[in-house]
Amino acid sequence: MSADTWQQVVFWILAVAMTGAALRVVTSRNVIHAALYLVGTLMAAAALYVLLLAEFIAWVQVLVYVGAIVVLMLFGLMLTRAPIGRAQKLDNSQRPLAAVCALAVFVVSSWIMIDAFEDQEIALSDAAGTTTRSVGEVIFSEFVLPFEVVSVLLLAALVGAVVIARRD
């Protein structure tokens, strides 16, 4: 088998594992189990970055998302005394409608991505695009505003979770 074939095989194995873990994140009845499935999903994403020869981004994925965000989420669950198991009063009969809406969002998003990037290829031989320096320059020049917006959004989500959980 050629190197491209092995990359495709590994990609599809990781893609199936990542999709399965992502589905378990949203269908798990236990919040702690959902957080652990999220760790699996994020680790598979890091493995995909390694497959793309972007080792620095893979380590950032592991350190920031797996190491910090998931731990922050688990601490938030413990500190707010959120219900761990399934709460019957929070469940309703709109699951089929939610599944249809999620499928519609997936189809539209996929169509947009395929339409936008259909004729583009990732050149793995160009190692200059995955160096630490080039990633840092891009993040802190072109994408500094989205980078900061995401950090404020995460902070607002944490504060909102604490406010909702502490309401007596």
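The values are calculated or read from the model by the stated rules, or taken from the named source; none is laboratory data. What you see is a predicted model, and the numbers here were worked out from it, not measured in a lab. No Cβ is skipped: glycine too gets one built from the backbone with ideal geometry, and neighbour counts run over all protein chains shown.
Taking only pairs six or more apart or across chains, which ones have beta-carbon atoms under 7 Å, a first residue in the stretch 76-103 that is under 19 Å from V25 (Cβ atoms), and a second residue that is in a loop (DSSP other than H, G, I, E, B) and at pLDDT 65 or above?
I84/N30; G85/R29; G85/N30; R86/R29
If I ask for residues that are farther than 17 Å from L74 by Cα, touching a helix residue (DSSP H, G or I) at 6+ places or on another chain (Cβ under 8 Å) and not hydrophobic (A, V, I, L, M, F, W, C), which ones from the stretch 25-59 would you list?
Y49, E55, listed by residue number.
Can you pull out every residue in the stretch 1-40 that is within 18 Å of R95 (Cβ to Cβ) and over 15 Å from the mean Cα position of the chain (by Cα)?
Of everything in the stretch 1-40, those that are within 18 Å of R95 (Cβ to Cβ) and over 15 Å from the mean Cα position of the chain (by Cα) turn out to be T27, S28, R29, N30, V31.
Residues in the stretch 129-158 that are of a type outside the set (S, T, N, Q) and not in a helix (DSSP H, G or I): how many?
So in the stretch 129-158, the residues of a type outside the set (S, T, N, Q) come out as 129, 133, 135-140, 142-150, 152-158.
Those left that are additionally not in a helix (DSSP H, G or I): 140, 142-143.
So the answer is 3.
Look at A21 and say whether it is surrounded by 13 or more Cβ atoms within 10 Å (Cβ to Cβ) and either at pLDDT 85 or above or of a type in the set (V, I, T) (or both). Walk me through it before giving the result.
On the way: surrounded by 13 or more Cβ atoms within 10 Å (Cβ to Cβ): yes; either at pLDDT 85 or above or of a type in the set (V, I, T) (or both): yes.
Spelling it out, A21 is indeed surrounded by 13 or more Cβ atoms within 10 Å (Cβ to Cβ) and either at pLDDT 85 or above or of a type in the set (V, I, T) (or both).
Tally the residues that are over 28 Å from P96 (Cβ atoms) and either of a type in the set (V, I, T) or not in a helix (DSSP H, G or I) (or both), restricting the search to the stretch 11-69.
Selection size over the stretch 11-69: 12.
Scan the stretch 26-58 for residues that are of a type in the set (A, V, I, L, M, F, W, C), without any contact (Cβ under 8 Å) to a residue 60 or more places away in the chain and within 24 Å of Q8 (Cα to Cα) and jot them down. Break it down into steps so the answer makes sense when it comes.
If we filter the stretch 26-58 for residues that are of a type in the set (A, V, I, L, M, F, W, C), which is where we start, we get 26, 31-32, 34-36, 38-39, 42-48, 50-54, 56-58.
With without any contact (Cβ under 8 Å) to a residue 60 or more places away in the chain added as a condition, the list becomes 26, 31-32, 34-36, 38-39, 42-48, 50-51, 58.
Scanning the stretch 26-58 gives L38, V39, L42, M43, A44, A45, A46, A47, L48, V50, L51, A58.
Quick grid of which residues meet (1) modelled with pLDDT under 75; (2) surrounded by 12 or more Cβ atoms within 10 Å (Cβ to Cβ); (3) more than 23 Å from M43 (Cα to Cα):
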site: V66; (1), (2), (3): no, yes, no
site: G76; (1), (2), (3): yes, yes, no
site: L90; (1), (2), (3): yes, no, yes
site: R95; (1), (2), (3): no, no, yes
site: S110; (1), (2), (3): no, no, no
site: G129; (1), (2), (3): yes, yes, no
site: L153; (1), (2), (3): no, no, no
